[in-house]
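S.K.: Pasting in a structure now, in structure tokens, and then I'll have a few things to ask.
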Amino acid sequence: MTTLINNNVHVLAHQTIKKGKLLCGDSYFFTSTDQYFICVLADGLGSGEFANEASVAVINVIEEFHHAPVEELMELCNKVLIKKRGAAVCVFKVHYESKNIIYSSVGNIRFFLYSPTGKLTYPLPVTGYLSGRPQNYHTQCFTYEANSKFLVFSDGFNIQGIKALLKGYIPIETIADIIITKYKNNDDDSTFILGSLL
């Protein structure tokens, strides 16, 4: 499990590989600066080597240009997938000072944000996947409260009851253990990233 913790955010990620494959078709990256936290999850089409190649290409471009606006990052991700397998991609950037999140996603990656006041935000992604073809992006902005939690996961997980899972003051390590135990799946590449915005 990968973790990141500082004064602004506490994040952990968990990933499993499809049974019988050597490489995971899902890839992810997150980092925090003084101004923002950025996270990307990419699910390469299919599984194995070429799915991995596509998702890793997305991660590499985000890692290099994470200072850029989210819409520009989505376009860079799309361009880097020309002549590759293609990938579902979710990118979001949390701006600490303004307390807002800029989000964009294409494909079947799900994102949820839960506030301590009980509001569950679930922005709808654009259907399809990135492959280098011209693509419309639906970039959204929403605010968050201190101690909000977020959960983003690839379609290898079929997590139910998101609101019940994220509500209250359960540590995210405990929530992660529940997801890993209850929704274990070796039939597909599976990744979730879970965080608390402090």
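S.K.: Would you list Thr121, Thr2 from the most to the least accessible area, probe 1.4 Å? Let's see the in-between values first.
M.R.: Numbers: Thr121 30, Thr2 60 Å².
Ranked list, largest accessible area first: Thr2, Thr121.
S.K.: Find the Cα radius of gyration of segment 28-119, compare it with 2.2 N^0.38 Å by division, and give the number to two decimals. Write out the running numbers ahead of the final one.
M.R.: Values: Rg = 13.7 Å, N = 92, 2.2 N^0.38 = 12.3 Å.
My calculation over the Cα atoms of segment 28-119 gives 1.12.
S.K.: When the convex hull of the C-alpha atoms of segment 89-135 is computed, what volume per residue in Å³ does it have?
M.R.: Hull volume over Cα atoms, normalised by residue count, gives 81 Å³.
S.K.: What number, in percent, do you get for the relative contact order of the chain if the mean sequence gap of Cα pairs under 8 Å and at least 6 apart is divided by its residue count?
M.R.: Values: 463 pairs, mean separation 48.6, N = 198.
Here the relative contact order equals 25 percent.
S.K.: A further question follows. GNM on the chain, C-alpha springs below 10 Å: top fluctuator among Asp177, Asp188, Asp155?
M.R.: In this elastic network of the chain, the residue with the biggest mean-square fluctuation among Asp177, Asp188, Asp155 is Asp177.
S.K.: Tally up the carbon and sulfur contribution to the accessible surface of segment 50-138 as a whole percent, 1.4 Å probe, everything protein left in place. Mind dumping the intermediate values first?
M.R.: On the way: 2220 of 4150 Å².
In segment 50-138, the share of accessible area belonging to carbon and sulfur is 53 percent.
S.K.: Also, quick follow-up: Using a 1.4 angstrom probe on the protein heavy atoms only, line up Lys184, Lys83, Lys99 by accessible area, largest first.
M.R.: Heavy-atom accessible area, descending, gives Lys83, Lys184, Lys99.
S.K.: If I take all pairs of Cα atoms in the chain, what percentage of them are more than 22 Å from each other?
M.R.: Beyond 22 Å sits 43 percent of the P(r) for the chain.
S.K.: Among all the aspartates and glutamates, which ones have a C-alpha under 14 Å from Lys84's C-alpha, if same-chain residues fewer than 8 places away are not counted?
M.R.: Reachable aspartates and glutamates: Asp43, Glu49, Glu53.
S.K.: Springs between alpha-carbon atoms under 10 Å, Gaussian network over the chain: tell me which of Gly168, Gly48, Gly25 tops the mean-square fluctuations.
M.R.: Maximum fluctuation in the GNM of the chain, among the listed residues, is at Gly168.
S.K.: Calculate, axis by axis, the spread of Cα positions in segment 118-198 along the three principal axes, and write the results as whole Å, longest axis first.
M.R.: That works out to 43, 36, 18 Å along the principal axes.
S.K.: Something else about it: Under 5 Å between amide H atoms, partner at least 5 residues away or on a different chain: which partners does Asp26 have, H built in plane at 1.01 Å?
M.R.: Result for Asp26 returns Gly44.
S.K.: Follow-up. What helices does the chain hold that run 18 Å or longer along their axis, going by alpha-carbon atoms, with a Kyte-Doolittle average of 0.5 or more, using DSSP H for the helix calls?
M.R.: 49-65
The values are calculated or read from the model by the stated rules, or taken from the named source; none is laboratory data. Since this is a predicted model, take the numbers as computed values, not measurements. Side chains included, ligands, DNA and RNA excluded: accessible areas come from the protein's heavy atoms. Shrake-Rupley method; radii C 1.70, N 1.55, O 1.52, S 1.80 Å.
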